[in-house]
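Visitor: Can you keep this structure in mind? I'll have questions shortly.
The values are calculated or read from the model by the stated rules, or taken from the named source; none is laboratory data. Everything quoted here is computed from the prediction, not taken from an experiment. Backbone-built Cβ (ideal geometry, glycine too); neighbour counts: all protein chains shown.
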Amino acid sequence: MVFNEKIWEEIHSTRGWSRYPNEELVRFIGSNFFKLPREERKKIKILELGIGQGANVWFLMREGFDIYGIDISKSAVKKTFERLKEEDLFIKSLESHFKVADIMNIPFENEMFDIVIDIATTWNVTYTDHNKVYKEINRVLKKKGLFFSWHILKGSYGDDGINYIDKDTKENVEEGPLSNTGINYFAQYKDLINLLEINGLRIKGKETLERTYENMQKSLKFAIIIGKK
């Protein structure tokens with residue numbers, strides 16, 4: 001993952017990133033957990049894969065959950081710390097909650113989390129490496145734990161269908177919002193479902209979402225999947 005590590009460190013060390021949480025994540029958390037009192041939310045351990053600069057972490061901490069996270073970029077983790085301090089959400093155990101790490105080697109114990117979140121992160125590894133990632137997700141999830149994924153789909157802006165380095169996997173997209181972001185796996189929906197199921201994650205919910213660009217001439221297509229261990 002050295003290729004992606006260098007690219008994402010460059011991105012996070014030189015650019016700002018979204019300050020607001022993913023809307024579909026908010027919908028998922030709201031429909032499943034907002035009825036719980038804050039005392040109960042504190043007992044729910046959530047791991048985010050690829051925290052970026054802390055937008056989803058900020059949201060989940062404000063809502064009272066016990067949130068952990070990893071990112072391949074040290075600058076992303078540093079900026080997340082800074083954001084939490086600015087928002088008076090700093091906790092003493094911050095460094096044990098948020099770590100610089102690869103999603104194929106999650107540095108947390110077996111069956112530790114109630115929820116694992118993937119917002120635009122697992123698609124930055126190849127089709128083949130998705131097996132490694134999903135096995136790791138299964139490992140760190142508690143029994144009956146939930147996995148929420150927001151994943152790019154085949155045919156999206158930047159997927160020109162040529163020069164794949166693995167099944168439906170581009171090493172560096174040349175146009176659109178995903179350009180110059182390293183590896184991108186433009187998944188077929190059926191392949192994502194299969195990869196999750198063979199790694200012990202049953203499908204609890206599935207949807208699609210499309211966002212258009214350039215006066216509706218181009219679009220990004222997303223799979224929104226909820227898996228259960």
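Visitor: Got a sec? Which of E214, E197 is among the acidic types (D, E) and closer than 18 Å to N138 by Cα?
Guide: Values: E214 fails: closer than 18 Å to N138 by Cα.
When all the criteria are applied, what remains is E197.
Visitor: Still on this model: Only residues in region 37-51 that are closer than 22 Å to K99 by Cα count as the first member; pair them with residues that are assigned to a helix (DSSP H, G or I) and hydroxyl-bearing (S, T, Y), Cβ under 9 angstrom, at least 6 apart or cross-chain, and list the lot.
Guide: L49/T122; G50/T122; I51/T80
Visitor: Can you pull out the helices (runs of 4 or more DSSP H) entirely within region 48-136 that have at least 2 residues that are farther than 22 Å from N32 by Cα and of a type in the set (S, T, Y)? It would help to see each step written out before you state the result.
Guide: Numbers: elements: 55-62, 74-86, 94-97.
Where helices (runs of 4 or more DSSP H) fall fully within region 48-136 and carry at least 2 residues being farther than 22 Å from N32 by Cα and of a type in the set (S, T, Y), they are 74-86.
Visitor: Between Y164, Y134, which is over 18 Å from the mean Cα position of the chain (by Cα) and closer than 21 Å to K221 by Cβ? Steps first, please.
Guide: Details: Y134 fails: over 18 Å from the mean Cα position of the chain (by Cα).
One residue alone meets the criteria, Y164.
Visitor: Additional query: Condition first: of a type outside the set (K, R), exposed (fewer than 14 other Cβ atoms within 10 Å of the Cβ) and either assigned to a strand (DSSP E or B) or over 19 Å from the mean Cα position of the chain (by Cα) (or both). Now tell me which residues in region 167-193 satisfy that.
Guide: E174, E175
Visitor: If T126 passes every condition in (1) within 25 Å of V26 (Cα to Cα); (2) surrounded by 19 or more Cβ atoms within 10 Å (Cβ to Cβ) but one, which one does it miss?
Guide: All conditions pass for T126, except number (1).
Visitor: Now, a different point. For L36, are the conditions met, namely being over 16 Å from the mean Cα position of the chain (by Cα) and either surrounded by fewer than 19 Cβ atoms within 10 Å (Cβ to Cβ) or modelled with pLDDT of 95 or more (or both)? If you could, list the steps in order and put the result at the bottom.
Guide: Working: over 16 Å from the mean Cα position of the chain (by Cα): yes; either surrounded by fewer than 19 Cβ atoms within 10 Å (Cβ to Cβ) or modelled with pLDDT of 95 or more (or both): yes.
So L36 passes the test.
Visitor: Here is a list of conditions, (1) in a strand (DSSP E or B); (2) touching a Pro at 6+ places or on another chain (Cβ under 8 Å), and Y157 meets all of them except one; can you say which number that is?
Guide: Failing condition for Y157: (1).
Visitor: Give the residue, chosen from K79, K85, K99, that is surrounded by fewer than 18 Cβ atoms within 10 Å (Cβ to Cβ) and out of contact with any Pro (no Cβ under 7 Å at 6 or more places or on another chain).
Guide: Numbers: K79 fails: surrounded by fewer than 18 Cβ atoms within 10 Å (Cβ to Cβ); K99 fails: out of contact with any Pro (no Cβ under 7 Å at 6 or more places or on another chain).
Sole residue among the options that is surrounded by fewer than 18 Cβ atoms within 10 Å (Cβ to Cβ) and out of contact with any Pro (no Cβ under 7 Å at 6 or more places or on another chain): K85.
Visitor: I've got another one for you. Take L196 and tell me if it is out of contact with any Cys (no Cβ under 9 Å at 6 or more places or on another chain) and not in a loop (DSSP other than H, G, I, E, B). Even if it seems obvious, please write down each step before you answer.
Guide: On the way: out of contact with any Cys (no Cβ under 9 Å at 6 or more places or on another chain): yes; not in a loop (DSSP other than H, G, I, E, B): yes.
So L196 passes the test.
Visitor: List every residue pair whose Cβ atoms lie under 9 Å apart, where the two residues are 6 or more positions apart in sequence or sit on different chains, the first residue falls within region 67-95 and is more than 18 Å from I119 (Cβ to Cβ) and of a type in the set (F, W, Y), and the second residue, located anywhere, is assigned to a loop (DSSP other than H, G, I, E, B) and modelled with pLDDT of 90 or more.
Guide: Filtered contacts from region 67-95: F81/G54.
Visitor: For region 102-113, name all the residues that are among the acidic types (D, E) and surrounded by 16 or more Cβ atoms within 10 Å (Cβ to Cβ).
Guide: First pass over region 102-113, keeping only residues among the acidic types (D, E): 102, 109, 111.
Listed by number, the list holds a single entry, D102.
Visitor: Taking into account only those residues within region 199-229 that are among the polar types (S, T, N, Q), loosely packed, with under 13 Cβ neighbours inside 10 Å and out of contact with any helix residue (DSSP H, G or I) (no Cβ under 8 Å at 6 or more places or on another chain), which is farthest from K135 (Cα to Cα)? Steps first, answer last, please.
Guide: So in region 199-229, the residues among the polar types (S, T, N, Q) come out as 199, 208, 212, 215, 217, 219.
From what is left, the residues that are loosely packed, with under 13 Cβ neighbours inside 10 Å are 208, 212, 215, 217.
So of that shortlist, the ones also out of contact with any helix residue (DSSP H, G or I) (no Cβ under 8 Å at 6 or more places or on another chain) come out as 212, 215, 217.
On the way: T212: 33, N215: 40, Q217: 37 Å.
Step by step, filter region 199-229, then rank; the result is N215.
Visitor: Still on this model: Yes or no: region 75-83 includes at least one residue that is under 21 Å from I183 (Cβ atoms) and either in contact with a strand residue (DSSP E or B) (Cβ under 9 Å, 6 or more places away or on another chain) or at pLDDT below 95 (or both).
Guide: yes
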